[in-house]
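Values in this text are rule-based calculations from the coordinates and carry no lab data. Given the structure is predicted, the values throughout are model-derived calculations rather than measurements. Methodologically, a virtual Cβ is constructed for each residue, glycine included, from the backbone with ideal geometry; neighbour enumeration extends over all protein chains shown.
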Protein chains: 2
Amino acid sequence: MTAHPTPRPSRRERPAKPALTRDGIVETAVALMRAEGLQRVTMRRLAQELDTGPASLYVYVRNTAELHAAVLDDLLGAVDLSPAKASGDWRDRLVRVLDSYTDVLFEHPGLARSALVARPSGERYLNLLEALLSLLSEGGVPDARAAWAVDLLLQFATATAAEHAAGEKDPTDAEGEWAELAAALRGVSEHRHPHIAALGTELLSGPGEARLNWGFHVLINGVLHTPRPEAPGPDTPETS
Amino acid sequence: MTAHPTPRPSRRERPAKPALTRDGIVETAVALMRAEGLQRVTMRRLAQELDTGPASLYVYVRNTAELHAAVLDDLLGAVDLSPAKASGDWRDRLVRVLDSYTDVLFEHPGLARSALVARPSGERYLNLLEALLSLLSEGGVPDARAAWAVDLLLQFATATAAEHAAGEKDPTDAEGEWAELAAALRGVSEHRHPHIAALGTELLSGPGEARLNWGFHVLINGVLHTPRPEAPGPDTPETS
DNA sequence: ACCTGAACACCGTTCAAGT
DNA sequence: ACCTGAACACCGTTCAAGT
């Protein structure tokens, strides 16, 4: 979370020039992203920021995907987990935590995109998992089911944020795509695609926030109503 | 779908060398992807395949994202929509269509990744939407709700496929990430992360297929149990 | 009017060679 | 033993200049 104590207040010069350690690299990457956007957080640009060659980074980071995952884990420090320990309806509190997670990702949709492929596995991510699991447990969701449910909830939030990665730099492209889909939906033939024609723009309607919220509730309700297929537990009577 | 009748059995030479049209470009892109994988479907490589310079492609395709969306739409021709018109339980048939969609994407997870950001908007995609909407309608899901539900279902399937985009080329990276998360989960402190510790590897457990199927049913059950917040219809009394 | 060669401004990753 | 300069093998996109 950029909250690591600065390694040491080195001589003078610029705001620190962190030592070449994994933490220093990630910290610099986060700063670079805040300053110039994720698309500038490349091995080469980052190395330049650290006054070295790109090859040096590979001593501490396996590849770009891992770097992005580490950056995301750092950002996850900003997720508000306090509702997990508060009182009140557990569903509301669950949604509040998920909203906070989504807010963080919405500020960096490109990172959300990476997260779908290379999940973080750091401290902050574990804290988030723990908070979600405790809320589901409070809601009476059986443990094994909660293990899968957490995945579903985070995947939905992450994917929704990732969808906004289009036109992070150039919004023109994103509008182009959207307009094209809107046009395709409007221009649909009433007898070959009756349902689409009947719905019209309804398919694209609604503020993102309302859809997101509805999605969370769909998932929560669905989880409550859908047992896991066959817990392969040692003492579960097989009902085939 | 590569099912366009070959443009014309041109002279001799290679399998066609399609004319420089949008369709020809997409067709060549699909062939290139099947032959060498999505990561080779770049503007430059594709131009080379078409015996021209990359600049020429920009006359027909706005950018790489749009190209990928067009390729995906083409692939969507392979989705089996027949269950939509069959008889039997509508849920089963809905899941069958979604499974077919997922199968197509699983063969090209990188494309699924693109699809989250740049959705296709072509003929095949519309056919898929229509099939899903008709099944939801059959199941008694109100129209406005179905419009949102379709999005949720496709997003879940797409995101699940996209998650497999790691290590499409080099599976080593993907295993590295997975192993790291597994290690993080195992090494968790029992008193700081009690729920994670209790679940252990349960969090990563289960064959992907079972989780996918469970996810579909969670969504379907959730949709059935979750009305849309406030249809902003013209005659809906505002409740602020 | 339409098309495109060539250029601009970058990438990730590896490895041989230095300290 | 550890680190990294330099190279390899690429990218997307634009635009001035040609036909």
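Might you let me know whether segment A:42-63 holds any residue that is within 14 Å of chain B (Cβ to nearest Cβ), surrounded by 18 or more Cβ atoms within 10 Å (Cβ to Cβ) and within 15 Å of the chain's Cα centre (by Cα)?
No, segment A:42-63 contains no residue that is within 14 Å of chain B (Cβ to nearest Cβ), surrounded by 18 or more Cβ atoms within 10 Å (Cβ to Cβ) and within 15 Å of the chain's Cα centre (by Cα).
Take segment A:101-158 and flag every residue that is part of a helix (DSSP H, G or I) and among the small types (Gly, Ala, Ser). Give the steps one after another, and end with the answer.
Applying the first criterion (part of a helix (DSSP H, G or I)) to segment A:101-158 yields A:101-106, A:109-117, A:123-138, A:143-158.
Once the filter is applied, which keeps residues that are part of a helix (DSSP H, G or I) and among the small types (Gly, Ala, Ser), segment A:101-158 yields A:110, A:112, A:114, A:115, A:131, A:134, A:137, A:144, A:146, A:147, A:149, A:157.
Cβ-Cβ under 6 Å, sequence separation 6+ or interchain: first residue in segment A:83-103 and aromatic (Phe, Trp, Tyr), partner part of a helix (DSSP H, G or I). Which pairs?
That search, which allows pairs on different chains as well, returns A:90/A:135; A:90/A:138; A:101/A:157.
Give segment A:127-136 a look and list any residue that's closer than 10 Å to residue A:76 by Cα and buried (at least 20 other Cβ atoms within 10 Å of the Cβ), or say none.
Hit for segment A:127-136 is A:128, nothing else.
Of the residues in segment A:26-49, how many are within 13 Å of DNA strand C (Cβ to nearest atom) and in contact (Cβ under 8 Å) with a residue 12 or more places away in the chain?
Of the residues in that region, 12 qualify.
Report yes if some residue within segment B:114-131 is within 19 Å of residue B:219 (Cα to Cα) and in contact (Cβ under 8 Å) with a residue 60 or more places away in the chain; otherwise report no.
Start the filter on segment B:114-131 by keeping residues that are within 19 Å of residue B:219 (Cα to Cα), which leaves B:116, B:128-131.
Adding the requirement that they be in contact (Cβ under 8 Å) with a residue 60 or more places away in the chain leaves none.
Within segment B:114-131, not a single residue is within 19 Å of residue B:219 (Cα to Cα) and in contact (Cβ under 8 Å) with a residue 60 or more places away in the chain.
Counting just the residues of segment A:77-97 that are within 13 Å of another protein chain (Cβ to nearest Cβ) and not in a loop (DSSP other than H, G, I, E, B), which one comes out surrounded by the fewest Cβ atoms within 10 Å (Cβ to Cβ)?
The selected residue is A:91.
What residue, of B:132, B:105, is more than 16 Å from DNA strand D (Cβ to nearest atom) and under 18 Å from residue A:194 (Cβ atoms)?
Numbers: B:105 fails: under 18 Å from residue A:194 (Cβ atoms).
Just a single option satisfies the conditions, and that option is B:132.
Just to be sure, is residue A:183 out of contact with any helix residue (DSSP H, G or I) (no Cβ under 8 Å at 6 or more places or on another chain) and at negative phi?
yes
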